[in-house]
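The values are calculated or read from the model by the stated rules, or taken from the named source; none is laboratory data. These numbers were taken from a predicted model, which means no experiment stands behind them. In this analysis, Cβ positions are derived from the backbone assuming ideal geometry, glycine residues included, and neighbour counts consider all displayed protein chains. What goes into the accessible areas is simple: the full protein's heavy atoms, side chains included, and nothing from ligands, DNA or RNA. Shrake-Rupley method; radii C 1.70, N 1.55, O 1.52, S 1.80 Å.
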Amino acid sequence: MFTKNNTMNEILNTEPVGRAAGNLFPTCFMARVPVEHRDHTMAQIEKEETMEWGAPFLADAFLECANLIKETAETKKFKYISLWGENDDVSAGDKMSHWKNGIPDADLNTEEGVWLFTGDPAVDNEAFAHTAGSDSIPPYESVAVSKEKRNTSGLKPAVILCPGGGYEMVSFYNEGLQPAQRMERDGGYKAFILCYRIRPNYYPLPQMDLARAVMYVRAHAAEYQVDPNRIVIVGASAGGHLCASEALLHEELKENVLENLAKFQKADMVEQYRKISARPDAVGLLYPVISFTSEYHEGSYIYNTNEKPGLREKLSVEFHITSDYPMTYAYANADDGCVPASNTVRLNEALEKAGVKHLCEVYPTGDHGIGLGYHTSAKMWSENMLAFFDQNL
């Protein structure tokens, strides 16, 4: 295991960590460490370098991600699932030029780079729960889901996590890995983290990636010991928009998915997926982008639509919610300086009007991009979401 006594170069010169670290710890975060400092230990780097927002370099997070990738290579406890390969077998990735030993290079941002990261049921189906870092543990006893339900040997609900990043990066650690650990350990879920395409891949490509992920998990529910009728998608910021819009447009996106799968000339796979819904059973949204028309996040709008006429209205979710929209949990912070909390307020109004079961919360402080947010006024959001889904899903 890597520790703070290792230098960054020692870590990044280890296969497959060097080429794949950006899958879990964003490459743009690593770039905060100048080349001339990469021979310093991680303990030194933590003191020398800062993140863009002024915090010390996230050395513990970097080490956790590097060790998970190393463990994936050595024990196969985790696996990457290629979603646009010629088949659904784990070997699909090995037929691609930028995958090696089942692990893709980071930052591919192509069909080849669309994957789900999850515990391999052949080794440890609850790998996120069993490798949970301390930062994912809440500062209170989690009682939203009973121990009996968490530890059931029966079918579990599944969660597909879609980290945010304004459709220009994907913030895997605090909006993917940590919620995955929390939901598996404290909620009894089977968790998957989605790497979806970002700019210059515009709508419908990112939404297709999520629709494909929902269909994949549903098709392979028995393999992962999950209930195909309890598939939850949870997204943060732009990932929240991805989830909210996929839930809205799932029928159209399913047709896009089938059309794309047909190019592999695998009639049996296309026929299998024709029978499978891309509709999630529930949606969880963390400080989400909802609108592209009013008090919206401009970057998400530009990078998901390329400003194509008609998409501003089509992808403004609050205008189109009807009674068959999936049950929804959402939270935002009133002092959010990136994505105004009014997005969540308008979503709440639309869900209320349509009669959709929902819980939308606005906390006073926390700003944006906080993930589990244990150090903020929003520290209870994940507990409240777990309880809401446990009672209603």
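Return yes when Tyr301 is within 21 Å of the chain's Cα centre (by Cα), surrounded by 23 or more Cβ atoms within 10 Å (Cβ to Cβ) and part of a helix (DSSP H, G or I) and no when it is not.
Yes.
Note on region 67-93: residues that are of a type outside the set (D, E, K, R) and more than 18 Å from the chain's Cα centre (by Cα) amount to 10.
Condition check ((1) in a helix (DSSP H, G or I); (2) at negative phi; (3) more than 16 Å from the chain's Cα centre (by Cα)) across all residues:
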position: Val143; (1), (2), (3): no, yes, yes
position: Met169; (1), (2), (3): no, yes, no
position: Tyr173; (1), (2), (3): yes, yes, no
position: Gln181; (1), (2), (3): yes, yes, no
position: Arg185; (1), (2), (3): yes, yes, yes
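Between Ala122, Ala129, the distinction of being among the hydrophobic types (A, V, I, L, M, F, W, C) and part of a loop (DSSP other than H, G, I, E, B) belongs to Ala122 only. Of all residues in region 274-282, at least one satisfies being modelled with pLDDT of 95 or more, of a type in the set (Asp, Glu) and buried (at least 19 other Cβ atoms within 10 Å of the Cβ).
Name the residue, out of Tyr287, Tyr296, that is within 26 Å of Phe172 (Cα to Cα) and under 19 Å from the mean Cα position of the chain (by Cα).
Within the list Tyr287, Tyr296, the selection yields Tyr287.
Of the residues Thr365, Thr328, which single one is more than 23 Å from Ala158 (Cα to Cα), at pLDDT 95 or above and in contact with a strand residue (DSSP E or B) (Cβ under 7 Å, 6 or more places away or on another chain)?
Numbers: Thr328 fails: more than 23 Å from Ala158 (Cα to Cα).
Going through Thr365, Thr328 in turn, just one is more than 23 Å from Ala158 (Cα to Cα), at pLDDT 95 or above and in contact with a strand residue (DSSP E or B) (Cβ under 7 Å, 6 or more places away or on another chain): Thr365.
Restricting Val289, Val345 to residues that are in a loop (DSSP other than H, G, I, E, B), among the β-branched types (Val, Ile, Thr) and surrounded by 15 or more Cβ atoms within 10 Å (Cβ to Cβ) narrows the list to Val289.
For region 350-389, what are the residues that are in contact with a helix residue (DSSP H, G or I) (Cβ under 7 Å, 6 or more places away or on another chain) and part of a helix (DSSP H, G or I)? Selection gives Ala350, Ser382, Leu386. Per the conditions (1) open to solvent by 50 Å² or more (accessible area, probe 1.4 Å); (2) in a helix (DSSP H, G or I), the sole criterion not satisfied by Phe62 is (1). The residues of region 222-231 that are assigned to a helix (DSSP H, G or I) and open to solvent by 10 Å² or more (accessible area, probe 1.4 Å), listed by number, are Ala222, Glu223. Screening Lys47 against (1) surrounded by fewer than 21 Cβ atoms within 10 Å (Cβ to Cβ); (2) in contact (Cβ under 8 Å) with a residue 12 or more places away in the chain leaves a single unmet condition, (2).
Ala213 - would you say it is open to solvent by less than 30 Å² (accessible area, probe 1.4 Å), within 19 Å of Gly119 (Cα to Cα) and either in contact with a helix residue (DSSP H, G or I) (Cβ under 8 Å, 6 or more places away or on another chain) or at pLDDT 95 or above (or both)? Full working, then the answer.
Details: open to solvent by less than 30 Å² (accessible area, probe 1.4 Å): yes; within 19 Å of Gly119 (Cα to Cα): yes; either in contact with a helix residue (DSSP H, G or I) (Cβ under 8 Å, 6 or more places away or on another chain) or at pLDDT 95 or above (or both): yes.
Here the answer is yes, as Ala213 does meet what is asked.
With respect to the conditions (1) part of a strand (DSSP E or B); (2) of a type outside the set (D, E, K, R); (3) out of contact with any Cys (no Cβ under 7 Å at 6 or more places or on another chain), Cys338 lacks only one, and its number is (1).
Being among the small types (Gly, Ala, Ser) and either open to solvent by less than 50 Å² (accessible area, probe 1.4 Å) or not in a loop (DSSP other than H, G, I, E, B) (or both) is the filter here, so list the residues in region 1-44 that pass it.
Let us first name the residues in region 1-44 that are among the small types (Gly, Ala, Ser), namely 18, 20-22, 31, 43.
If the condition is that a residue be among the small types (Gly, Ala, Ser) and either open to solvent by less than 50 Å² (accessible area, probe 1.4 Å) or not in a loop (DSSP other than H, G, I, E, B) (or both), then Gly18, Ala20, Ala21, Gly22, Ala43 are the ones that fit.
For the condition among the basic types (Lys, Arg) and at pLDDT below 95, Lys190 does not qualify. As a summary of the residue check, Asp94 satisfies the conditions (1) at pLDDT 95 or above; (2) farther than 30 Å from Asn304 by Cβ except for the one numbered (1). Of all residues in region 129-181, none satisfies the criterion of being buried (at least 23 other Cβ atoms within 10 Å of the Cβ) and out of contact with any helix residue (DSSP H, G or I) (no Cβ under 9 Å at 6 or more places or on another chain).
Considering only region 65-84, how many residues are part of a loop (DSSP other than H, G, I, E, B), open to solvent by 10 Å² or more (accessible area, probe 1.4 Å) and closer than 20 Å to Gly113 by Cα? Lay out the reasoning, then the answer.
So in region 65-84, the residues part of a loop (DSSP other than H, G, I, E, B) come out as 76-77, 83-84.
So of that shortlist, the ones also open to solvent by 10 Å² or more (accessible area, probe 1.4 Å) come out as 76-77.
Pick out the ones that are also closer than 20 Å to Gly113 by Cα and you get 76.
Total meeting the criteria: 1.
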